[in-house]
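Working notes, structure below.
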Amino acid sequence: MALGRSHRRNDHQSAGPWPGYVDVLSTLLMVIVFVLAVFMLVQFFLANAISGRDKAIEGLRSELAGLVDQLSLEKRNNAQLRFDLTNMQATLSGATAERDQLAAVLADSQARADDAEKRLAEQQQILVDLQGKLVSSSGQLEQEKRLTSEARSQVDLLNRQILALREQLGQIERILKESEEKDKTNQAQVSDLGRRLNAALARKVDELTNYRSEFFGRLRQALGNRRDIQVVGDRFVFQSEVLFDSASAELKPEGREQIGKLAKTLIEISSKIPKELPWVLRVDGHTDKLPINTAQFPSNWELSSARAISVVKFLASQGVPVERLAATGFGEFQPLDAREDQTAFRRNRRIELKLTER
């Protein structure tokens, strides 16, 4: 029995160290699991932070694109204002030239008046001399108490000369008065011409602005709300894909339908615009910056010009007066979007319509 107890005690001593290793391994395993859990949580939060930053960057890029569009629009508006200002300055230069002509006529009249005054002064001096001679001759006649036939002739001649001088003086005075009246009339005409010119320019600008607003309003109603047809500032913008196939200048059936609506609206509006108002519908062709080199279109210049001409010819075939139409090709050199992607290229391929003055 004592042997049995001794045997069990030896067994217990040999198995005693094993539970201690189990605890250490269990603790180590829990630490590793905790570290892995912390690592996964850190990864999750980092992924969320990076995703939020990407969304913020994308929003900033969208805002930057909008600002670029607004800047491009402002540049085009400034260019148009410079163009209108140049036309007004040319008109004002014509009026200035006419005013300078009137001023030259006025200066010539003034010179003539000065010359007449000089001649009047000379004639008055001659008259004074003659009167002096007459007085002297009269004194001599009174002193001599008899006049010779020669003296009488001289007196008669002097009298005739005095009468002639008086007539000349009267004519000179009338000329001076007429010159002064003409000067006043010319000055009034110059002032009135400037006022009428400024008023006429203002009326023409207001009239064209009113008709342009009515034209764009009716055209917007006729074409409907389409994303590929927009109003940008004072012009209508058609995306090229609406009107033309790629690398083509021939109007598609859909493009003919849209331009036909435009022609109908323009004809209705043109009947209301006064004939003396020098308006014109300018059709501008634009392309993207991707190069083209075909037998028909060696460059984007030819393609943009051919597309603008196709639209003008179709408008003329619909009854729009040809003298009210103009076609211009700008190639790729006036983009709306300066970015290097397909969205920017699609925006830059367009036809712009503008109702303006010649």
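Less than 5 angstrom separates the built amide H of L251 from none of the residues sequence-distant by 5 or more or on a different chain.
Based on alpha carbons, the Rg and Dmax found for region 282-337 are 12.3, 35 Å. Remark: the V31-S271 segment gains 77.4 nm on full extension, using 0.36 nm per residue and subtracting the alpha carbon distance. Here's the list of aspartates and glutamates a cross-link from K275 could span, going by alpha-carbon distance under 14 Å and ignoring same-chain residues fewer than 8 apart: E207, E323, E357. Treating each Cα of region 227-284 as one equal point scatterer and applying the Debye formula with no solvent, the log10 of I(q)/I(0) at q = 0.12, 0.13, 0.25 Å⁻¹ comes out as -0.37, -0.43, -1.15. In summary, the lysines within cross-link reach of K177, defined as a Cα separation below 29 angstrom excluding same-chain residues under 8 places away, comprise K118.
Counting only Cβ charges, +1 for Lys and Arg and -1 for Asp and Glu, the dipole size of region 47-125 around its Cα centre is about 460 debye. The E180 and S136 beta-carbon pair, evaluated with R₀ = 35 Å, returns a calculated FRET efficiency of approximately 0.40. Evaluating 6.51 cos²θ - 1.76 cosθ + 1.60 at θ = phi - 60° for every residue in region 293-298, the Karplus couplings come out as 8, 10, 5, 7, 10, x Hz, glycine and proline recorded as x.
Across region 269-274, computed HN-Hα scalar couplings (Karplus, 6.51 cos²θ - 1.76 cosθ + 1.60, θ = phi - 60°) run 6, 5, 5, 8, 6, x Hz from first to last residue, x flagging Gly and Pro. If you wrap region 13-102 in the convex hull of its Cα atoms and look at it from every side, the mean projected area works out to 8.2 nm². Using θ = phi - 60° in the Karplus curve 6.51 cos²θ - 1.76 cosθ + 1.60, the 3J(HN,Hα) couplings for region 250-262 round to 9, 5, 6, x, 5, x, 5, 5, 5, 5, x, 5, 4 Hz; x is entered for Gly and Pro. So which lysines can K272 reach, going by Cα to Cα under 29 Å and dropping same-chain residues fewer than 8 places off? Straight-distance partners of K272: K204, K261, K264, K313, K354.
Every read-out reported here was derived from the displayed coordinates using simple, explicitly stated rules and does not represent laboratory data. Please read all numbers here as calculations on a predicted model, not as lab measurements. Neighbour counts run over all protein chains shown; Cβ positions are idealised from the backbone, glycine included.
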